[in-house]
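To start, the structure under review is shown below, and the notes come after it.
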């Protein structure tokens, strides 16, 4: 009989137990919106850390937007190896994506700046991993901001996805990696969609200490 979590919060409580050794260190919990936000707030409260969102968007090829050639965050981007695209196109496309990410952050958190990551332990939380590609890009982009360590915390992952994350992160806390993995949702009794309204409520209720006006340092590829 396969193990199933009652919901995201129940899974987060189990992850928080595995992360308890981090309590007392300077750190930040980054949740992948929207699904990981109910989990991120549980883990952030357990560790006594601030909660923030990590906003990442796929960078599509100029001739086929569905073909991913990299990823863009609010302050940097990563490009797949051996991909060649015009510099002018890349500059324009990255700027356009970052503008959209900035607007999304403001929708979630108003004008509150992102938590600084330099020198701090960063726990990136998601509700599950299939291929792991989004989190791999997230790890690469978070590393641009020079954190002390990058830890990924997920309740369930495919064995292949887990292997890739273990090679990229400093530590991966994963509760399940079933050999017969098919989809993240099959390991939750309740895997209902997290709405924008729920996401906003979580972020507004979370304690997010002031970080000044500078925000994170700008990263570059």
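So how many residues does the stretch 12-33 have that are more than 15 Å from residue 150 (Cβ to Cβ) and buried (at least 19 other Cβ atoms within 10 Å of the Cβ)?
Just the residues of the stretch 12-33 that are more than 15 Å from residue 150 (Cβ to Cβ), to begin with: 12-18, 20-21, 23-24, 33.
Filter once more, keeping what is buried (at least 19 other Cβ atoms within 10 Å of the Cβ): 12, 15-16, 33.
Final tally of qualifying residues: 4.
Mind checking which residues of the stretch 36-49 are touching a helix residue (DSSP H, G or I) at 6+ places or on another chain (Cβ under 7 Å) and surrounded by fewer than 19 Cβ atoms within 10 Å (Cβ to Cβ)?
Answer for the stretch 36-49, where residues must be touching a helix residue (DSSP H, G or I) at 6+ places or on another chain (Cβ under 7 Å) and surrounded by fewer than 19 Cβ atoms within 10 Å (Cβ to Cβ): just 46.
Out of (1) free of Cβ contacts under 8 Å to residues at least 24 places away in the same chain; (2) closer than 26 Å to residue 5 by Cβ; (3) within 14 Å of the chain's Cα centre (by Cα), what's the single condition that is false for residue 122?
Every listed condition holds for residue 122 apart from (1).
Does the stretch 23-67 hold any residues that are assigned to a helix (DSSP H, G or I) and closer than 13 Å to residue 152 by Cα, and which are they?
Those that are assigned to a helix (DSSP H, G or I) and closer than 13 Å to residue 152 by Cα: 39, 40, 43.
Kindly check whether there is at least one residue in the stretch 52-63 that is farther than 19 Å from residue 143 by Cα and either buried (at least 20 other Cβ atoms within 10 Å of the Cβ) or modelled with pLDDT under 90 (or both).
no
Can you tell me how many residues in the stretch 195-207 are closer than 29 Å to residue 149 by Cα, touching a residue at least 24 places away in the same chain (Cβ under 8 Å) and surrounded by fewer than 18 Cβ atoms within 10 Å (Cβ to Cβ)?
Looking only at that region, the number is 3.
Could you tell me which numbered condition residue 146 fails, if it satisfies all but one of (1) at pLDDT 90 or above; (2) in contact with a strand residue (DSSP E or B) (Cβ under 8 Å, 6 or more places away or on another chain); (3) closer than 24 Å to residue 27 by Cα?
Condition not satisfied by residue 146: (2).
The values are calculated or read from the model by the stated rules, or taken from the named source; none is laboratory data. Computed from a predicted model, the values in this text were never measured in an experiment. Backbone-built Cβ (ideal geometry, glycine too); neighbour counts: all protein chains shown.
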